[in-house]
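The values are calculated or read from the model by the stated rules, or taken from the named source; none is laboratory data. Quick caveat, the model's predicted, so the values are computed rather than measured. No Cβ is skipped: glycine too gets one built from the backbone with ideal geometry, and neighbour counts run over all protein chains shown. Keep in mind that these areas ignore ligands, DNA and RNA; they rest on the heavy atoms of the full protein, side chains included. Shrake-Rupley method; radii C 1.70, N 1.55, O 1.52, S 1.80 Å.
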Amino acid sequence: MAKALRSAENCQVLASHPSLTFRHGEFTYQIVRESGRSLYKVSYRDDSISTPLSYCFGHGESAQTYLLQHNGAFYESRVSFYPGIERLDLTLGASKTEPESLEAALGQKLTAADAQKCFGCHATNAVNETQTLRIESLTPGIGCEACHGPGAAHVAATKAGQPPKTEIFSPTNLAGDALSQRFCGSCHRSSEEVMSMPDLGGAGNIRFQPYRLAKSSCYYGDPKDRRISCIACHNPHEALVREPTFYDAKCLSCHASNANSRAGTTAKPCRTSTRRCSTCHMPKIELAGAHSQFTDHFIRIVRSGASYPK
């Protein structure tokens, strides 16, 4: 999360790919590195628009999308970089039909609310107490205060010898929907947000982990049981672990006949195996256009040949 946003000047993906080109119909897209800057150019026949990129969204493991400014407005680039193919392609959600103009071909023009949401979820101190976007004071990426709130009083209390969690908000005190949906889901997309989308976001909702998690039959049990929540499996202070066996102990804290359940309840044990649970019950699914697979956080018994469950 600390790498969720970078200025274009400090973007490693663009620095290591100094010339990128993509053609869509009669439109040509180029991102060219010049003197430490990355220029975004869209051409149609003999006409073109060229402008420097301002920010890179995403650290580039699955994809990276760019933000530019044109005529005083922010635009989300119509093309993104995908490491799975090592080149540009249309940004997820972008229309596959040819744009009506060069300006429309730049990408999605962001409203004030759009820009606030983007920076609020990819940067620290980007939005103030009155929900106003503050580009000049943001810190790229998710830092401590993005999740824990202002830390000055906490630092002062710690220096004064008070207990470690004095004067600071801790998400670990939350449970149930308050944690996974309203807190984590405020950026990773909650059930409430996805339910308001046309067609529930389509197959693309595989990327919205809190929504997918809430579809699991075990999710709505004891609201105080933290064994089924985002931070039950993922520590935001550590790198994401991709080895499936790491998560077996998390699964077996519920799904084992001899589980020592803190909540006083257990779930049925798996009759097939007690290893690599997530590879069967949380399958990786290829998302069209993303050139990448996403782990489905809808925990379930997956039937062979079953269609994607919305």
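Taking every protein chain into account, the accessible area of the chain amounts to 57 square angstrom per residue (probe 1.4 Å). Across 238, 61, the residue with the most accessible area heads the list, and the full order at a 1.4 Å probe is 238, 61.
Within the shell of other residues whose beta carbon sits under 15 angstrom from the beta carbon of residue 245, the net charge comes to +2, with Lys and Arg scored +1 and Asp and Glu -1.
Once you have the Kirkwood Rh of the stretch 216-258 from its Cα pairs, apply Stokes-Einstein at 25 °C and 0.890 mPa s and quote D in µm²/s. This corresponds to a translational diffusion coefficient of 211 µm²/s.
Among the listed pairs 224/284; 117/224; 41/109; 165/250; 41/96, a Cα-Cα separation exceeding 21 Å is found for 224/284; 117/224; 165/250. The helix-only estimate of mean residue ellipticity at 222 nm for the chain, built from DSSP H runs of length n ≥ 4 each weighted as -39500 (n - 2.57), is -4500 deg cm²/dmol after division by the residue total. Solvent-accessible surface of protein heavy atoms, probed at 1.4 angstrom with all chains present, puts 91, 272 in the order 272, 91, largest first.
A simple count of charges around residue 27, restricted to other residues whose Cβ falls under 15 Å of its Cβ and scoring Lys, Arg +1 and Asp, Glu -1, yields -2.
When you restrict to C-alpha pairs under 8 Å that are six or more residues apart and normalise by the size of the chain, the relative contact order lands at 11 percent.
The heavy atoms of residue 56 present about 0 square angstrom of accessible area, all protein chains included, probe 1.4 Å. According to the calculation over all Cα-Cα pairs in the stretch 181-310, the P(r) per 10 Å bin from zero is 11, 42, 37, 10, 0 %. Volume per residue for the chain equals 166 cubic angstrom (convex hull of Cα atoms). Here the accessible area is traced with a 1.4 Å probe on the protein chains. For the chain, carbon and sulfur cover 53 percent of it. So what's the projected area for the stretch 66-218, the Cα convex hull averaged over all directions, in nm²? Over all viewing directions, the stretch 66-218 projects a mean Cα-hull area of 12.8 nm². Pairwise Cα distances in the stretch 30-94 exceed 14 Å in 59 percent of cases. For the residues 204, 176, 151, a GNM of the chain with alpha-carbon springs under 10 Å puts the largest fluctuation on 151.
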